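These notes concern the structure reproduced below.
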Amino acid sequence: AKYTWVEKDTCIACGACGATAPDIYDYDDEGLAEVIYSNDGNKGNTEIPEDLYDDLQDASDGCPTDSIKIADEPFNM
Ligand code: F3S
């Protein structure tokens, strides 16, 4: 299983992740990214389905500040 959340402290609102993986990431009022998949609320507790794994990896690879965190277990942020 895969889980993800965005470290907003280091996100620079570049906008790449939401363009790459719009089903997983969107932006808050300040333009900082957050996980919106299945109303996760950027807590990293929602299992990302396998058909989004490619988007997940592409978004992580494309983030200039490595703010997209991915793990095999829930983050419980
Ligand atoms: Fe922020 Fe990285 Fe997305 S800088 S907007 S988390 S690509």
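The values are calculated or read from the model by the stated rules, or taken from the named source; none is laboratory data. Please read all numbers here as calculations on a predicted model, not as lab measurements. Heads up, the Cβs are rebuilt from the backbone with ideal geometry, glycines too, and the neighbour counts pull from every protein chain shown. What goes into the accessible areas is simple: the full protein's heavy atoms, side chains included, and nothing from ligands, DNA or RNA. Shrake-Rupley method; radii C 1.70, N 1.55, O 1.52, S 1.80 Å.
Tally up the residues in the range 1-60 that are aromatic (Phe, Trp, Tyr) and over 17 Å from Ala71 (Cα atoms), please. Let's see the steps before the verdict.
Applying the first criterion (aromatic (Phe, Trp, Tyr)) to the range 1-60 yields 3, 5, 25, 27, 37, 53.
Narrowing the set further to residues that are over 17 Å from Ala71 (Cα atoms) leaves 27.
The qualifying residues number 1.
Hey, among Asp26, Asp9, Asp61, Asp54, which residue is open to solvent by less than 80 Å² (accessible area, probe 1.4 Å), of a type in the set (D, E, K, R) and without any contact (Cβ under 8 Å) to a residue 60 or more places away in the chain?
Working: Asp9 fails: open to solvent by less than 80 Å² (accessible area, probe 1.4 Å); Asp61 fails: open to solvent by less than 80 Å² (accessible area, probe 1.4 Å); Asp54 fails: open to solvent by less than 80 Å² (accessible area, probe 1.4 Å).
Every option except Asp26 fails the conditions.
Restricting to the range 23-34, name every residue that is of a type in the set (Val, Ile, Thr) and near the ligand (Cβ under 7 Å from one of its atoms).
Hits for the range 23-34: nothing passes.
Looking at Thr46, Thr20, Thr10, which is the one that is among the hydroxyl-bearing types (Ser, Thr, Tyr), within 8 Å of the ligand (Cβ to nearest atom) and touching a Ser or Thr at 6+ places or on another chain (Cβ under 7 Å)?
Going through Thr46, Thr20, Thr10 in turn, just one is among the hydroxyl-bearing types (Ser, Thr, Tyr), within 8 Å of the ligand (Cβ to nearest atom) and touching a Ser or Thr at 6+ places or on another chain (Cβ under 7 Å): Thr10.
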